[in-house]
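The values are calculated or read from the model by the stated rules, or taken from the named source; none is laboratory data. None of these values were measured; they are calculated from a predicted model. All Cβ positions, even for glycine, are placed from backbone atoms using ideal geometry, and neighbour counts span all protein chains on display.
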Amino acid sequence: MKPQEEKFITDEIYGWEKLEVSNITISPELVVSINEGFGYTDILQYTLFGELIWDEESNSYESKNKLTFFKGTKFNIIKDDSLFLYKMIQVLEDGTSVETRFFVKGDIDNLSSVPVELNGTNVPIYKIIKEYELALDLKLFNDRKHNLMVIHKYIKFFFYNVTGKHGKFYIIEDHKEIDNILKNRHEVDDNKSIKYKPIIEEDAKELPTDITMELQKEQSDEKRVVLLAYMMFQDSLYKVYVILDYRTGLLSLKDEKKLMTYTEIEENESK
């Protein structure tokens, strides 16, 4: 995820808290579990944490690279409150950095479960939901405010962390987010503004002032929830219905309608 994209979704979705953890240790038993039976060696290559070196004193593997960890303090959309979302920034030997996100049960400095890495596909997210379930009352409208909060956060989290074959879909709930997404997509620096021209589709109506996701109660039932949403895909804005099977976490879209396309995107120096 690019810095600008991270900037405009951090507070609402993640609420990152920087941790005082400079390294990570992994027990031999967990290393075997991670590598599905791979034996003990002095040096291991683990995709998530890079090169791991065996340390005799701690009787565990430690990362060779410099690591900085952040804990997602507001991720409360699953039933198990011991599962946390973490972000790790790994500084490699050549000075470049790599950012990774993953789920772990408990504390990162005492790793006791195999991390589930977010890899840009829906697979790890559905895996987490299947195992831990969304934090919903199964009688969906019994606590409507709580359920809608969970559903809302889950849908935004899903689309921010899954990239399709042709790009990413962004849920838009504030008109200002369109600027941020276009800047992110066209790699416009923070110290610059952008100019663009929206080309409105012939049969599209004017974009409403309130574009927050809206529950379609008449289309929802005991198995699924339907919400009206606005989405950016590439340089176009769509009106779409998002369907959530709240038992499995599966998401799908229907009746996508293109409203407008933003063209002639240019950089301008901020005044």
Hey, does the range 122-136 have a residue that's part of a loop (DSSP other than H, G, I, E, B) and either closer than 22 Å to Met231 by Cβ or touching a Leu at 6+ places or on another chain (Cβ under 7 Å) (or both)? yes
Quick one: in the range 219-260, which of the residues that are of a type in the set (Ser, Thr, Tyr) and at pLDDT 90 or above is surrounded by the most Cβ atoms within 10 Å (Cβ to Cβ)? Tyr230
Quick one: Lys176 ticks every box in (1) out of contact with any helix residue (DSSP H, G or I) (no Cβ under 6 Å at 6 or more places or on another chain); (2) surrounded by 11 or more Cβ atoms within 10 Å (Cβ to Cβ) except a single one, so which number is it? (2)
Meets criteria (at pLDDT 90 or above and buried (at least 18 other Cβ atoms within 10 Å of the Cβ)) for Ile155: yes
Considering only the range 165-224, state which residues are among the acidic types (Asp, Glu), closer than 22 Å to Ile243 by Cα and in contact with a strand residue (DSSP E or B) (Cβ under 9 Å, 6 or more places away or on another chain). Glu173, Glu214, Glu218
Would you point out which residue out of Asp210, Asp189, Asp179 is over 29 Å from Ile129 (Cα atoms) and without any contact (Cβ under 8 Å) to a residue 12 or more places away in the chain? Asp210
Strands (runs of 3 or more DSSP E) lying entirely in the range 143-233 (those with 3 or more residues that are farther than 21 Å from Glu99 by Cα): 192-200, 224-233
Across the range 89-127, what is the number of residues that are aliphatic (A, V, I, L, M) and touching a residue at least 60 places away in the same chain (Cβ under 8 Å)? 4
Pick out the one residue from Asp109, Asp137, Asp80 that is closer than 22 Å to Tyr14 by Cβ and either among the hydroxyl-bearing types (Ser, Thr, Tyr) or modelled with pLDDT under 80 (or both). Asp109
Hey, Asp94 hits all of (1) among the acidic types (Asp, Glu); (2) assigned to a loop (DSSP other than H, G, I, E, B); (3) within 13 Å of the chain's Cα centre (by Cα) but one; which does it fall short on? (3)
Does Asp221 satisfy the condition of being over 24 Å from Leu148 (Cα atoms), without any contact (Cβ under 8 Å) to a residue 12 or more places away in the chain and of a type outside the set (Phe, Trp, Tyr)? no
One residue from Tyr132, Tyr154, Tyr170 being hydroxyl-bearing (Ser, Thr, Tyr), in the same structural domain as Val242 (by TED's automatic domain parsing) and in contact (Cβ under 8 Å) with a residue 40 or more places away in the chain: Tyr170
